[in-house]
1. Could you please give the count of residues in region 278-313 that are farther than 19 Å from His418 by Cα, in contact with a strand residue (DSSP E or B) (Cβ under 8 Å, 6 or more places away or on another chain) and buried (at least 16 other Cβ atoms within 10 Å of the Cβ)?
2. Which of the residues belonging to region 120-139 are part of a loop (DSSP other than H, G, I, E, B) and either under 25 Å from the mean Cα position of the chain (by Cα) or at pLDDT below 95 (or both)?
3. Quick check on Val344: is it surrounded by 22 or more Cβ atoms within 10 Å (Cβ to Cβ), part of a loop (DSSP other than H, G, I, E, B) and either in the same structural domain as Leu396 (by TED's automatic domain parsing) or without any contact (Cβ under 8 Å) to a residue 60 or more places away in the chain (or both)?
4. Working carefully through the options Lys193, Lys230, find the one that is of a type in the set (Lys, Arg) and buried (at least 24 other Cβ atoms within 10 Å of the Cβ).
5. Which of the numbered conditions does Phe243 fail, given that it passes all the others? Conditions: (1) more than 30 Å from Pro334 (Cβ to Cβ); (2) within 10 Å of the ligand (Cβ to nearest atom); (3) of a type in the set (A, V, I, L, M, F, W, C); (4) buried (at least 20 other Cβ atoms within 10 Å of the Cβ).
6. Quick one: His418 ticks every box in (1) buried (at least 21 other Cβ atoms within 10 Å of the Cβ); (2) not assigned by TED's automatic domain parsing to the domain that holds Tyr126 bar one, so which box is it?
7. Six or more apart or on different chains, Cβ under 6 Å: which pairs go from a residue in region 7-34 that's on the phi > 0 side of the Ramachandran plot to one that's not in a strand (DSSP E or B)? Could you list them?
8. Out of Lys255, Lys261, report the one residue that is surrounded by fewer than 23 Cβ atoms within 10 Å (Cβ to Cβ) and modelled with pLDDT under 95.
Amino acid sequence: MSDIALLPSVTTFFRRDHGMFIDGRHIPSTSSNKIGVINPANGETLAHVSDASDSDIDDAVVSANQGFKVWSRTSPAARAAALFKLADLMEKHREELAQIETCQSGKIIQISRAFEVDQAAHFLRYYAGWATKITGETITPSLPSFTGERYSAYTLREPIGVVVGIVPWNFSTMIAIWKLASALTTGCSIIIKPSEFTPLTILRIAELAIEAGVPAGVLNVVTGTGRVGKALIEHPGTDKVSFTGSVPTGIAVGKGAMEAKLTRATLELGGKNSVGFLRDIDLDKAADGIIEAGFLHSGQICAAAERFFVHRSQIESVMDKLSLRLRALKIGSPLDETTQFGPVTNKQHQQKLAGFFATARAEKSTIVHGGNIPDGPGCFVEPTIILANSVNDTLLNEETFGPIATFLPYDTEDELLHLMNSTPYGLSASLWTNDLSKAMRLIPEIEAGTVWVNMHTMLDPAVPFGGIKASGIGREFGAAFIDDYTELKSVMIRY
Ligand code: NDP
């Protein structure tokens, strides 16, 4: 097979002079600094975006505050209607958005279509449904009445204000949609700062939002480097940051937000997610599960697993079966519909992964499969299996965010639990077994925000998602996001 042809609308979009999306339209940046957006599959420059100036940032904040005034007074039903329409428009432009996303991120086209468009639209509709269901509660105050007076109280959930949504490069569309949907559903406005590596798709979606009826100023997109994100978060005119990214940047963001003016912060950070296979598991099922848990989108998924614990008696067989599956993966151009495994998203990340391979060799971990960077201009990395020497090996402890599965054998279930929890992170984990009683007893002992059984990496908008320990603060999805995007106001009445 060969690459699909790019739609004319996609090539035209790449050629545009991209500015900022502020006050409902594209406006030229006042900065002359440009950032090249590189196609990681072949190293070619796709487009240029602007690195926002301080005055661009100020303009976006003014626009978002004006947008907030309008949107927070818009009826919940009208807010929901605009978001449902945006989901429809994303589906209408499915192929265009998927192609832009694949070109900028290297994500295989099937994943761009299924996740970055179809799933993102599904999430958007789920959130839109909440707009009309956000409620406070009525309370009977507890104080005694002294002179016959009575009291009544109730709470209001009020939108927090202007949200800054900081988005990483791995799922630039879906994660931006999670943030804009949370903000717009609750009546907030938002300024999205995409990653400098993947800024394009959300610039196109912002135009669709206007077509869907979202008023000007409610959704703004400001492009640039981390400096731009920091300036937005610490700006006196913003009220909350919703950040998704790495742990070190997340800690800096949290500190900056607190110091600025106790700006509220939701931090969805990285992880080093564990998988434990109990002895009763079918070994083919285990090998298929590892592909699902560790290699989808070349492992560049925050919830993906990187640490795999298998009973000592089974570990060789599991790694053999996994090697066979990895050998059969079709690695190639992400625009070829038959490709199963594409490049990683940028050169810096490819080099970081090369560094992990060097560390594994230096520490004398066993590289069972892969462990190399193929020659060529694309950011390809071999899918890799590593057998660690002990729980202290770097590859079992540091997040690689790449297609690297590191294994360690265990002997007893107590040891398995200890190994699964021996990480400062706690985003996700999975347990694979047919023994329901054992699973039910082990689940409460596992230190992670999400525990899957016989599956891994599947996110559902109805199920809250977020990290414990060093993997973050706050929850997305379900009803849990409402607390993070609203302030609770108490009202008490004497009569
Ligand atoms: P980074 O932390 O490097 O960057 C995330 C975003 O923050 C980017 O938009 C980046 O801009 C911006 N940024 C960088 N510095 C600052 C700053 N000082 N202030 C404000 N914003 C800043 O993460 P990556 O983009 O490398 O993404 C990968 C990481 O994201 C992994 O650790 C992964 O686990 C995590 N992640 C977590 C998820 C979750 O839900 N828990 C989901 C997806 C990813 P720029 O790109 O321009 O530098």
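The values are calculated or read from the model by the stated rules, or taken from the named source; none is laboratory data. What you see is a predicted model; the values in this text were computed from it and never measured. Heads up, the Cβs are rebuilt from the backbone with ideal geometry, glycines too, and the neighbour counts pull from every protein chain shown.
1. 12
2. Filtering region 120-139 down to residues part of a loop (DSSP other than H, G, I, E, B) leaves 134-137.
Across region 120-139, the qualifying residue is only Ile134.
3. Working: surrounded by 22 or more Cβ atoms within 10 Å (Cβ to Cβ): yes; part of a loop (DSSP other than H, G, I, E, B): yes; either in the same structural domain as Leu396 (by TED's automatic domain parsing) or without any contact (Cβ under 8 Å) to a residue 60 or more places away in the chain (or both): yes.
Yes: the conditions hold for Val344.
4. Numbers: Lys230 fails: buried (at least 24 other Cβ atoms within 10 Å of the Cβ).
Going through Lys193, Lys230 in turn, the sole match is Lys193.
5. The failed condition is (1).
6. (1)
7. Asp23/Ser63; Asp23/Ala216; Asp23/Gly217; Gly24/Ile210; Gly24/Ala216
8. Numbers: Lys255 fails: modelled with pLDDT under 95.
From the options Lys255, Lys261, the qualifying one is Lys261.
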